[in-house]
Ligand code: NAD
Ligand code: UD1
């Protein structure tokens, strides 16, 4: 298939490009580079030994820019990563988050339908479950209250896309709810490149280990978890990237959800739309720190700090639906995750160079 990848220069997008090409697909990237560096795309091409990844420096809110891309290419589907993702910033700048994430997606989807491309995979998040009603979280778990505008953009966009599919069955919408992406490509050439002080655990750990930050603050050790620190479902970004390739089969006319006792296959031709993408294992903050130190032999000083507002104690999924219907499951374990995160950081202490 030929895939439009919005946000393809970013962390998850760049890894997904590699898996797409390795599976025999082609891709065109649209990115406004607001949170990424075009060097990532150069390195993706190097890893794939191809001259270049077709790239348009276009904002998805720019209808004319998108029109030009669609005039020059025919797409079978879109994998839609483009969006702002910093939770704290979204609290400070809610208008910017709603305008970019929701406004951008509405423009993208409109241009897609004008050009007869109605297959989309959307980057959603476990954040839509709020404080989850069940652990492990299945896709049947009700959505919850988000604690920040970023989370609401994901929750609202899921609804927008499902409504669009309902009104026009020509659309195929796949919502992938990512748990906590970490790790990097094993080459160490591409990885997560956060701006400023990292919000998320793994980039903070690697920046402490490389000497850029003094110590990790562990946000709370009084949660109702085995060691008192927060438990999450960390997933290696290469596994996450492969989940997108697996999800493309939802757009094939041959795709059938495997039959089950409750759902005979004849009733089940339309793709199911929501998949949890995690490993199904929960690790605490201290589990991650200890694994990082054990596998990499690096030092990660830490101290216990107060809980972070909006955090929950435990969040991990049951990924059985993605395995049953897409044949996808995570293959990388915690040791791979901490090794590859460190390999990227150690080789690129300042992230990507200036283009
Ligand atoms: P990222 O910031 O590395 O990548 C997003 C890309 O989108 C960036 O390259 C950015 O420049 C681009 N972009 C943003 N707004 C744009 C616009 N208006 N037009 C064109 N390009 C635009 O983030 P990521 O970690 O790769 O995340 C990819 C997607 O997955 C995002 O939608 C994010 O919300 C979602 N997600 C990420 C995580 C995570 O922990 N990384 C978890 C759940 C969901
Ligand atoms: C965060 C976002 C969530 C987003 C997800 C994936 C919040 C409240 N939630 O989730 O919306 O979808 O990232 O990108 O920000 N921790 C520390 N010290 C740190 C950083 C984190 O102890 O410096 C702890 C946290 O308290 C948590 C765990 O590490 O228990 C994971 O944190 P993080 O990586 O930020 O992810 P989430 O909180 O799961």
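A short reminder: the numbers here are calculations on the coordinates, not readings from a lab. Bear in mind the structure is a predicted one, so any value in this text is a computation, not a measurement. All Cβ positions, glycine included, derive from the backbone under ideal geometry; neighbour counts span all protein chains shown.
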Among 298-309, 70-81, 228-239, 91-102, the order from most to least packed when residues are scored by Cβ within 10 Å on average: 228-239, 70-81, 91-102, 298-309
For the chain, calculated [θ]222 nm from helices alone, where every DSSP H run of n ≥ 4 adds -39500 (n - 2.57): -10500 deg cm²/dmol
Column: log10 I(q)/I(0), Debye, Cα scatterers of the chain, q = 0.11, 0.15 Å⁻¹: -0.73, -1.42
With Cα atoms, 0 to 90° folded angle of helix 39-48 axis to the chain main axis: 80 degrees
Normalised convex hull volume, region 194-252, alpha-carbon set, Å³ per residue: 135 Å³
Sequence-separation-based contact order of region 91-181, relative, with Cα cut under 8 Å and 6+ spacing, percent: 39 percent
Cα gyration tensor, region 95-162 - rounded (a/c under 1.5), prolate or oblate: oblate
For region 86-150 and region 156-233, distance of Cα centres in Å: 14 Å
Rounded to 10°, Cα long-axis angle of helix 285-296 versus longest principal axis of the chain: 80 degrees
Cα convex hull volume per residue for region 118-209 (Å³): 154 Å³
Percent of beta bridges antiparallel (DSSP, the chain, rounded to nearest 5): 5 percent
In degrees, nearest ten, helix 11-22 long axis to first principal axis of the chain (Cα): 60 degrees
